[in-house]
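The values are calculated or read from the model by the stated rules, or taken from the named source; none is laboratory data. Fair warning: this is a prediction, and the values are worked out from it, not measured in the lab. Here the Cβ positions follow ideal geometry from the backbone for every residue, glycine too, while neighbour counts run over all protein chains shown.
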């Protein structure tokens, strides 16, 4: 995890907030550092984590997590981390041919009409609902590394939003846990379905972390801009959302943040 980002968000390992839907947005940049941050943060905080990885493999996340001081393999062994490797699950399902899989796959939707995410929801619910008498972990957490990719697999925005709705009811409301999801967006995008998904999720989210590439192009000392939006609750929508803008530089094991125009390279 990145300590500076924790300070900006007001997050604490000792007492992570509960019932939040955090939306991570990426526009013309790779914002995967945000996914790595929340994965390592919640594991270090002692939360039970269900990670639905669609764009990268377990080994990829494990290597990065190791740099951040977290062992994913050890977390899986002790039952703290439930990792669904979407790439592998999809390939196994597609390559099974006429053979019947041993059990229902969470990615069963790719072999149907792409409208039924019930199996994926049941996987999440089973992973995060505590067993009787099990109080080993703090609040449960669901992390999805890219909802936008689900649209490329044939799902409609309404199907993805239904999935998030049921996850919110279970994880946020019933279990008092947190959800972190990543989407990719662009103001000039011609992908109307993806932009509909992004706008709907923006309205529902508790907070938004929006990473954007620099309009001036590549810079070795400033890698992008991060807008942090703390949204007012629905019942207090008359109040203004709190919006803060920072620029950042990604290093090997850290990310540094600074106010716009305040980078040492600029000064």
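General remarks:
- Within the stretch 76-88, the set of residues being touching a residue at least 40 places away in the same chain (Cβ under 8 Å), loosely packed, with under 15 Cβ neighbours inside 10 Å and on the phi < 0 side of the Ramachandran plot is empty.
- Residue in the stretch 66-75 that is part of a helix (DSSP H, G or I), in contact (Cβ under 8 Å) with a residue 60 or more places away in the chain and farther than 25 Å from residue 129 by Cα present: yes
- Tally of residues being in a loop (DSSP other than H, G, I, E, B) and either over 16 Å from residue 208 (Cα atoms) or touching a strand residue (DSSP E or B) at 6+ places or on another chain (Cβ under 8 Å) (or both) across the stretch 6-20: 9
- Residues (farther than 13 Å from residue 23 by Cα and either modelled with pLDDT of 95 or more or in contact with a helix residue (DSSP H, G or I) (Cβ under 7 Å, 6 or more places away or on another chain) (or both)) located in the stretch 137-153: 140, 141, 150, 151, 153
- In the stretch 15-35, the residues that are under 11 Å from residue 184 (Cβ atoms) form Cβ pairs under 6 Å with partners that are in a loop (DSSP other than H, G, I, E, B) and modelled with pLDDT under 90, at six or more places apart or across chains, as follows: 25/185; 27/185; 27/186; 28/213; 29/213.
- Those residues of the stretch 21-38 which are more than 12 Å from residue 209 (Cα to Cα) and part of a loop (DSSP other than H, G, I, E, B), in sequence order: 28, 29, 30
- Listing of helices (runs of 4 or more DSSP H) fully contained in the stretch 115-226 that carry 2 or more residues being crowded, with 20+ Cβ neighbours inside 10 Å and under 15 Å from the mean Cα position of the chain (by Cα): 148-152, 157-167, 192-204
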